[in-house]
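Values quoted throughout were computed directly from the atomic coordinates according to the rules given, and no laboratory measurement underlies them. Just so you know, these numbers come straight off a predicted model, no measurement behind them. Methodologically, a virtual Cβ is constructed for each residue, glycine included, from the backbone with ideal geometry; neighbour enumeration extends over all protein chains shown.
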Ligand SMILES: [Zn+2]
């Protein structure tokens, strides 16, 4: 699977990208914690609104990210993540929802799709993964927030199906990339959850033994990539950004590592069109 990635620094703001998506007519990225204004212990580029710091600081972080990467802050649309598998289509009339105070957030959804060049899809993460889907033939994109529940519920396939319904996209034209997440050496889950995965994806290699017999280590990234291939995306068009959020404290927030109140959130963005800056 394509695991090449690039860490770019612009104006001090660090963003990682999947090299497989770079030639496509889209802008995408997954933020690191580098380059924002948040104080310790959440330093520095926290994008999660439900964190113990002033909203003005978080908005400054968004604006710095957007300025550095040529993304229009006013066009962001944020999923209303609930660890489900619902996918919604969004257009420019939804811009600002989930981001701006005073606008109604989107209804419950963990995935959003669009064919509108005036929309920037946005999701938040703190160990959970981002799924980026691009259909360059129909100029359509989809982005999802996926923890174990979303991955097990095949939210990636649901993005693809919704893009087919709304835009006529077909999986053989698509590209799918999985963002940074907690890796298969670090992600402890109960044995029950691990066995749900090996059954759903018919692959025993997704789990590894844990010193505590009640637990296993789960490789959620490989499960997600398998799900995209099973949904019809060509194997050569499936990739990931191989960073582990739990292991890289300098670069990423990790809810598992630092816990509530001490960790911020990274953001993933995906928009049609190339960076003009
Ligand atoms: Zn790891």
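Among the numbered criteria (1) surrounded by 24 or more Cβ atoms within 10 Å (Cβ to Cβ); (2) more than 13 Å from residue 112 (Cβ to Cβ), which single criterion is violated by residue 165? Just one mismatch for residue 165, condition (1). Restricting the range 160-183 to residues that are closer than 19 Å to residue 229 by Cβ and assigned to a loop (DSSP other than H, G, I, E, B), the residue that is nearest to the ligand (Cβ to nearest atom) is 179. Checking 235, 221, 205 one by one, the residue that is farther than 28 Å from residue 113 by Cβ and either touching a residue at least 40 places away in the same chain (Cβ under 8 Å) or touching a helix residue (DSSP H, G or I) at 6+ places or on another chain (Cβ under 9 Å) (or both) is 205 and no other.
Filtering the range 60-117 to residues that are out of contact with any strand residue (DSSP E or B) (no Cβ under 8 Å at 6 or more places or on another chain) and not in a loop (DSSP other than H, G, I, E, B) leaves 60, 61, 63, 67, 73, 74, 92, 93. Scanning the range 185-202 for residues that are under 16 Å from residue 246 (Cβ atoms) and touching a helix residue (DSSP H, G or I) at 6+ places or on another chain (Cβ under 7 Å) returns 187, 189.
Any residue at all in the range 122-138 that's without any contact (Cβ under 8 Å) to a residue 24 or more places away in the chain and either closer than 25 Å to residue 66 by Cβ or in contact with a helix residue (DSSP H, G or I) (Cβ under 8 Å, 6 or more places away or on another chain) (or both)? There is no residue in the range 122-138 that is without any contact (Cβ under 8 Å) to a residue 24 or more places away in the chain and either closer than 25 Å to residue 66 by Cβ or in contact with a helix residue (DSSP H, G or I) (Cβ under 8 Å, 6 or more places away or on another chain) (or both).
Name the single residue, out of those in the range 63-82 being touching a helix residue (DSSP H, G or I) at 6+ places or on another chain (Cβ under 6 Å) and surrounded by 15 or more Cβ atoms within 10 Å (Cβ to Cβ), that is farthest from residue 114 (Cα to Cα). Per the stated criteria, the residue is 66.
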